[in-house]
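Reading through the structure tokens given below for one structure.
The values are calculated or read from the model by the stated rules, or taken from the named source; none is laboratory data. From a predicted model like this one, the values you see are computed outputs, not experimental measurements. Quick reminder, even Gly has a Cβ in these numbers, built from the backbone with ideal geometry, and neighbours come from all protein chains shown.
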Amino acid sequence: MRREAATPRADWDATVRSQGLVYVDTELPDGGIVSYWDETAAYVFGLEEVLRLEEATAELHRMCVAAAEHVVARGRYAEFGIPGWAAEAVARSLREKPPSLYGRFDLCYDGSWPPKLLEYNADTPTSLVEASIVQWFWLEETRPAADQWNSLHERLVAAWARIGAGLHDDRVHVVWSNEEESGEDQITAGYLAETARQAGLKAELLPIQDIGWDGRRFVDAADGPVTTCFKLYPWEWMLAEPYGPLALEPGTPTTWIEPAWKLLLSNKALLAVLWELFPGHEYLLPAYLDSPRQMTEYVAKPLLGREGGSVRIVTPAGKVSNPSDYGDEGFCYQEFRALPSFDGNHVVLGSWIIDGEPAGAGLRESTSLITDNYARFLPHYIDTPRLT
């Protein structure tokens, strides 16, 4: 893995916007604007390296599912901040294995082995459009003979086809929150709806705020039944809403994607359970729930929080924090591992899982040790001719 300078396409800004990256502009605290999409550089991988990273991703996913099964078997919901009234629904969801679509591991990786798990965004991961579509077209236009670690689109369509084969009704509602102002959630939902349509399903887009309850079931704005619903809306938020218990009722005829058991994988307490079950594993960092224990350098991560939430880094030199408020939730204390720096840029590797299988990568850079809302997305390619 290496970072190399690249020449941006003359019309790159208009091009990426036309491909769905309407949230390309990032406003800085001083009012300035920078681009989220950055093709002044690219990351380069070797083919054998990608194959090893795929194996690591698959192994991490297996470990995470085993951790979820352990939590359910031991009834450790309170450690995850999951209310008691939701526990049986989470356990039932894991037993019955309803459809699950995707997730993204965030890995610390600098080209030397092994990668280290930072967290698993397993419920509502974004940065999907740029990882699946935008960087692929960049590759086609700039390096047509090269390949990319990216089978996201094909795997999404195949996953929807598998899901659709088990549905009685081929209509799927794809929802997002219209309170998200950048447009990223709406575009991500729209892209996922399009992959469902390519799989032969009838996908309907609507804000989650337009879903209602008619006394027996959830309904859309036209009072049609919502029988299968992909939600770009975290379960932790749903449980805090008045309709949360209804969404988990066993008699409610709605299949939610992602399923309720993903509450266990998207929670940072998972990191501590993984370290407990697989102590010393090469892909893991030490992590605990009760305290930092013997660690002198660690990251305090809120248990709940979409795409990482607010974190606090503690080192002997002092503290580095996200500007967001920490809130009153519990924390997971994970050993601090500085993100690798390439030319002064700290990079995190996002490794995607689609339908339980590794599917591709997206890389984000930040000048900060914390990958925050000011991070940039850079494309990548494999330094091997494309297989035909």
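Of all residue pairs spaced 6 or more apart or on separate chains, those with beta-carbon atoms under 7 Å, a first member in region 319-342 that is basic (Lys, Arg) and a second member that is at pLDDT 90 or above and part of a strand (DSSP E or B) are Arg337/Cys108; Arg337/Lys116.
Is it true that some residue in region 295-314 is among the charged types (D, E, K, R), buried (at least 22 other Cβ atoms within 10 Å of the Cβ) and either more than 30 Å from Tyr381 (Cβ to Cβ) or at pLDDT below 95 (or both)? Steps first, please.
From region 295-314, those among the charged types (D, E, K, R) are 297, 301, 306-307, 312; that's our starting set.
Checking the rest, the ones that are also buried (at least 22 other Cβ atoms within 10 Å of the Cβ) come to 301.
Pick out the ones that are also either more than 30 Å from Tyr381 (Cβ to Cβ) or at pLDDT below 95 (or both) and you get 301.
Within region 295-314 (the criterion being among the charged types (D, E, K, R), buried (at least 22 other Cβ atoms within 10 Å of the Cβ) and either more than 30 Å from Tyr381 (Cβ to Cβ) or at pLDDT below 95 (or both)), the answer is yes, since at least one residue qualifies.
Take the residues of region 38-69 that are among the charged types (D, E, K, R) and assigned to a helix (DSSP H, G or I): which is farthest from Pro114 (Cα to Cα)? Residue satisfying both the conditions and the ranking: Glu69. Candidates are the residues of region 203-215 that are over 25 Å from Gly103 (Cβ atoms) and charged (D, E, K, R); the one that is surrounded by the most Cβ atoms within 10 Å (Cβ to Cβ) is Asp210. Just one of the listed residues (Tyr23, Tyr102) is modelled with pLDDT under 95, surrounded by 20 or more Cβ atoms within 10 Å (Cβ to Cβ) and out of contact with any His (no Cβ under 6 Å at 6 or more places or on another chain), and it is Tyr23. Of all residues in region 26-51, those being farther than 27 Å from Ile382 by Cα and within 21 Å of the chain's Cα centre (by Cα) number 1. Gly31 passes every criterion in (1) in contact with a strand residue (DSSP E or B) (Cβ under 9 Å, 6 or more places away or on another chain); (2) at positive phi apart from (1). Condition check for Gly362 on (1) modelled with pLDDT of 95 or more; (2) within 12 Å of Asp106 (Cβ to Cβ); (3) surrounded by fewer than 22 Cβ atoms within 10 Å (Cβ to Cβ): one failure, at (3). Taking His168 as the residue in question, decide whether it is at pLDDT below 95 and either of a type in the set (Gly, Ala, Ser) or farther than 24 Å from Leu53 by Cβ (or both). Yes.
Of the residues Arg74, Arg62, Arg9, Arg17, the single one that is touching a residue at least 40 places away in the same chain (Cβ under 8 Å) and basic (Lys, Arg) is Arg9. Counting the residues of region 174-208 that are at pLDDT 95 or above and more than 16 Å from Lys231 (Cβ to Cβ) gives 6.
Number of residues in region 255-272 that are touching a Pro at 6+ places or on another chain (Cβ under 6 Å) and under 16 Å from Ile353 (Cα atoms): the value is 2. Look at region 222-235: where a residue is closer than 12 Å to Arg171 by Cβ and a partner is modelled with pLDDT under 95 and among the hydrophobic types (A, V, I, L, M, F, W, C), sitting 6+ places away or on another chain with Cβ atoms under 8 Å, you get Thr227/Leu167; Thr228/Leu167.
Results for (1) among the aromatic types (Phe, Trp, Tyr); (2) surrounded by 17 or more Cβ atoms within 10 Å (Cβ to Cβ); (3) touching a Phe, Trp or Tyr at 6+ places or on another chain (Cβ under 6 Å), shown as yes or no for each residue.
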| residue | (1), (2), (3) |
| --- | --- |
| Phe137 | yes, no, no |
| Glu141 | no, no, no |
| Asn150 | no, yes, yes |
| Ala165 | no, no, no |
| Gly183 | no, no, yes |
| Ala196 | no, yes, yes |
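Checked against the criterion of being out of contact with any His (no Cβ under 6 Å at 6 or more places or on another chain), modelled with pLDDT under 95 and surrounded by fewer than 21 Cβ atoms within 10 Å (Cβ to Cβ), region 265-285 contains not a single residue that satisfies it.
Every test in (1) touching a strand residue (DSSP E or B) at 6+ places or on another chain (Cβ under 6 Å); (2) within 20 Å of Ala56 (Cα to Cα) is passed by Pro99 save one, and that test is (2). Taken over region 94-118, the criterion of being out of contact with any Phe, Trp or Tyr (no Cβ under 8 Å at 6 or more places or on another chain) and over 30 Å from Trp12 (Cβ atoms) is satisfied by Arg95, Glu96, Lys97, Pro99, Ser100, Ser112, Trp113.
Selection over region 70-84 of residues that are in contact with a Leu (Cβ under 8 Å, 6 or more places away or on another chain) and part of a helix (DSSP H, G or I) gives a count of 5.
I'd like to know if region 134-151 contains one or more residues that are within 21 Å of the chain's Cα centre (by Cα) and modelled with pLDDT under 95. Checked against the condition, which is being within 21 Å of the chain's Cα centre (by Cα) and modelled with pLDDT under 95, region 134-151 yields no hits at all.
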